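Please read the structure below before turning to the comments.
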2 protein chains.
Amino acid sequence: MMKRYLMAPGPTPVPVEALLAMSKPILHHRAAEYEQIFSEVRQGLKFLFQTSTEVLVFASSGTGAMEGAVVNTLSPGDKVLVVRGGKFGERWGEICQAYGVNFEAIDVEWGNPADPALIEAALKRDPSIKAVFVTHSETSTGTLSDLKTIAEVVSRTPALLIADVVTSLGVTDVPVDAWKIDVAAAGSQKGLMLPPGLAFCSVSDKAWEMVAKSKLPKFYFNFTAEKQNIEKNQNAWTPAVSLLMALRETLALIQQEGLANVFARHDRLARATRAGVTALGLELYSKAPTPAVTAVKAPAGIDGGQIVKTLRTKHGITIAGGQSHLKGKIFRISHMGYVDTYDIVTAISALEMTLAGLGYPVELGKGVRAAEAVLMEGKA
Amino acid sequence: MMKRYLMAPGPTPVPVEALLAMSKPILHHRAAEYEQIFSEVRQGLKFLFQTSTEVLVFASSGTGAMEGAVVNTLSPGDKVLVVRGGKFGERWGEICQAYGVNFEAIDVEWGNPADPALIEAALKRDPSIKAVFVTHSETSTGTLSDLKTIAEVVSRTPALLIADVVTSLGVTDVPVDAWKIDVAAAGSQKGLMLPPGLAFCSVSDKAWEMVAKSKLPKFYFNFTAEKQNIEKNQNAWTPAVSLLMALRETLALIQQEGLANVFARHDRLARATRAGVTALGLELYSKAPTPAVTAVKAPAGIDGGQIVKTLRTKHGITIAGGQSHLKGKIFRISHMGYVDTYDIVTAISALEMTLAGLGYPVELGKGVRAAEAVLMEGKA
């Protein structure tokens, strides 16, 4: 017997309340019982996105919401700005390319946050830019960008701010209305503590004006069709009913905890993780770490993939390795979603034993001690 | 206390085996445990589609698979043929229109099957036609078209046959390879006995040749990206893991029962339903009823919506009403998926009591008697 722990940056652990909701008898999506659930879900999503506008829901992975954000706001030949500092920033560019949208890239060295001044300068240089695509929390590098300042910059121009908040929503503050984020795209299997299969887009009034003029082709991810339906408490296409039943549960958990507490918890767990790994003599990969996931450089002479594999096979713990050119160079420990104090203790403890087993000089308990000094905040 | 029965044509009832699979701890989609599940799912889907080619899996509703079938095989300005005899046939045309594909429509009077001779004539008249879009089982009218003969006609030409098999797959014979169906698009919440949220496309070698030349834009529903990943036992985007865990269960149920038995069961249940409603003096709406769902004309003087509402509120039974211009004119009883003998007895019995309550002259038990005469086949 080996207990299993999921500490990869998506899917993240699903609370039993949500798992059991999915084992309830399936509901018909035109039934009153479903509409009651969807009504609560709509309310909970507005709370989570901190918006007064409707949050659109799609049966898809988060990439579907990203595609929706592109095809519903733009027209062929439009020029946009894409900030790329990792695999998910690159995805914005790939979607634009697939749909014939011209994009100027602001390439950020991986592990660094986006520089709002560069975005401001680019928008000044070319007032024809229709939208700015950014990644709030770049999961591939464990980096958080300053979305608030970026939003201040973009909101002063006619351009839309379209943000991937996939691993920041429900993890750190993303006040969509207050910051003036025009489209925020998210998925279910991160801070929302659900299995993958749902995606979300908030859409500002400024974005809706662009939607009305957009000429890119779309059908499944059609914002206008979803808006017409959501106003009737329905969905354009058959919704993923069981996932929505589970979503009601996790939104309730988030509302019970309160957004400020949710964000403080993630901040505490992330700081504890960083304290733990640095106490072991390891180096953080990111210059601006996200509270969603900690990216750690593999120590010299040890392959990051070996750390990931040992944790999985000998300790039952699933973390993530590096992607693209970071393969083998970093490993990533997630602390987002349904995660608390002793998940971090487990992660750091397992890392100590794994590194010791792989021949890296470790003082057992040193990382845990450093993590505990952070974790006990507010508990003593 | 009122027990609930789901008898609408999707979502259909989900067996407890599948419901409980979704309540298991979530798996990471790069883990060996997931790959074992996905490997079994791939095998089961090939069995169900009766194909030796890979069946692509999407996290979306069935409409996503339909969009995928269009955008992956065609190029802007291509001419295609769309057979429309109901709401879902119309959807093929709407997707083509959204993506700038020229389509010639063959409009079939609702409730009638497609005429293969008209398709043959159209293909002869215009050899530039690149694809023929048909609906095997038209859920909105309860009508089954002769897909085998249509496939014979289309396969003799360079055009692709692209079929919506959403409510025929797992219900009646759809031997994709033997009949030469180039793309068969399906969803999870029908014969596959799952919640909504998964969609499927089989793709023939002839279709893959068109995919290689296709110039319509696509990103989330990209067949080529899925093919590259499925060959590595993976998915292009994060898959809907919990639904795939449930899919393994329902595919196992289908394989245990055997395709021939699955189809015979649906045929028996459909004939029993038709016998039951006609014994009550009601008229079938379709000239070629599908074994998935029986569409029944509301008797003169009684609104179909009233029948649906009474069944739901007084009897706990969810059936479907008519869509578009059939609203109030018909009602539809599903017998697809996780359905057996006594579900039909329940449906006909409830219909007798409902009609009697609404003032329609009914001899109580007469419909059930007629249904039983069919249902007892092979049981005496």
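In this structure the amide hydrogen of A:Val293, modeled in the peptide plane, comes within under 5 Å of the amide hydrogens of A:His335, none closer than 5 places in sequence on its chain.
Couplings 3J(HN,Hα) of the range A:67-84, computed from phi: 4, x, 5, 6, 6, 8, 10, 10, 10, x, x, 4, 9, 9, 10, 10, 8, 10 Hz, in residue order, whole Hz [Karplus 6.51 cos²θ - 1.76 cosθ + 1.60, θ = phi - 60°; x for Gly and Pro].
The modelled label-to-label distance for the pair A:Asn261/A:Ala121, using points 7 Å beyond Cα in the direction of Cβ, is 4.5 nm.
Applying 1/(1 + (r/R0)^6) with R0 = 22 Å to the Cβ-Cβ distance of B:Lys309 and A:Ala252 gives a FRET efficiency near 0.15.
Residue by residue along A:311-320, Cβ atoms of other protein chains within 10 Å of the local Cβ number 1 on average. The listed peptides B:72-80, B:155-163, A:1-9, ordered by packing as a protection proxy, come out as B:155-163, B:72-80, A:1-9 (highest mean of other Cβ atoms within 10 Å first). Within 10 Å of the Cβ of each residue in B:240-248, the mean number of Cβ atoms contributed by other protein chains is 5. Charged side chains reduced to their Cβ positions (Lys and Arg at +1, Asp and Glu at -1) give the protein assembly as shown a dipole of some 320 debye around its Cα centre.
Averaged over the residues of A:172-179, the number of partner chain Cβ atoms lying within 10 Å of the residue Cβ comes to 0. With R₀ set to 45 Å, the beta-carbon distance separating B:Met1 from B:Ala32 gives a calculated FRET efficiency near 0.50. A cut-off of 5 Å between modelled amide H atoms, ignoring neighbours fewer than 5 places along the same chain, links A:Gly365 with no other residue. About its Cα centre, the dipole of the range A:16-257 is roughly 540 debye, where the only charges are +1 on Lys and Arg Cβ and -1 on Asp and Glu Cβ. Exceedance of the 29 Å cut-off in Cα-Cα distance is limited, within the set A:Lys46/B:Lys329; A:Lys46/A:Lys287; A:Lys190/B:Lys3; B:Lys148/B:Lys213; B:Lys180/B:Lys232, to A:Lys46/B:Lys329; A:Lys46/A:Lys287; A:Lys190/B:Lys3. Nearest 10 degrees is fine. How inclined is helix A:87-98 to the longest principal axis of chain A, computing both from alpha carbons? The two axes meet at around 30 degrees.
Listed values for the range B:28-40 are Karplus-derived 3J(HN,Hα) couplings in whole Hz (6.51 cos²θ - 1.76 cosθ + 1.60, θ = phi - 60°), namely 7, 6, 9, 7, 4, 4, 5, 5, 5, 5, 5, 4, 5, and x replaces Gly and Pro. Summing +1 for each Lys or Arg and -1 for each Asp or Glu among the other residues whose beta-carbon sits under 12 angstrom from that of B:Cys96 gives -1. Projecting 7 Å from Cα along the Cα-to-Cβ direction, the label point of A:Ser52 sits 6.3 nm from its equivalents in the other copies, listed shortest first.
Helix A:116-125 sits at what angle to the longest principal axis of chain A, using alpha carbons and giving 0 to 90 degrees rounded to 10? Between the helix axis and the principal axis of chain A, the angle is about 30 degrees.
With the simple spin-label model, which puts each label point 7 Å out from Cα in the Cβ direction, the A:Leu20 to B:Glu363 separation comes to 5.1 nm. 3J(HN,Hα) along the range B:322-339, derived from phi through the Karplus expression 6.51 cos²θ - 1.76 cosθ + 1.60 where θ = phi - 60°, amounts to x, 10, 6, 6, 8, 4, x, 8, 10, 9, 10, 9, 8, 9, 10, x, 7, 9 Hz, with x in place of Gly and Pro. Among A:Gln36, A:Gln306, A:Gln323, the largest mean-square fluctuation in a Gaussian network model of chain A, built with springs joining Cα atoms closer than 10 Å, belongs to A:Gln36. In chain A, the calculated helix contribution to ellipticity at 222 nm averages -13000 deg cm²/dmol per residue, counting -39,500 (n - 2.57) for every DSSP H run with n ≥ 4. Under a 5 Å amide H cut-off, with hydrogens placed 1.01 Å from N, B:Gly85 pairs with B:Glu90, B:Val108 among residues at least 5 apart or on other chains.
Read-outs throughout are calculated quantities, based only on the coordinates presented, and are distinct from any laboratory measurement. Note that the coordinates shown come from a computational prediction; the quantities given were computed from them, not determined experimentally. Because the Cβ atoms are built from the backbone with ideal geometry, glycine has one as well, and the counts that use them run over all protein chains shown.
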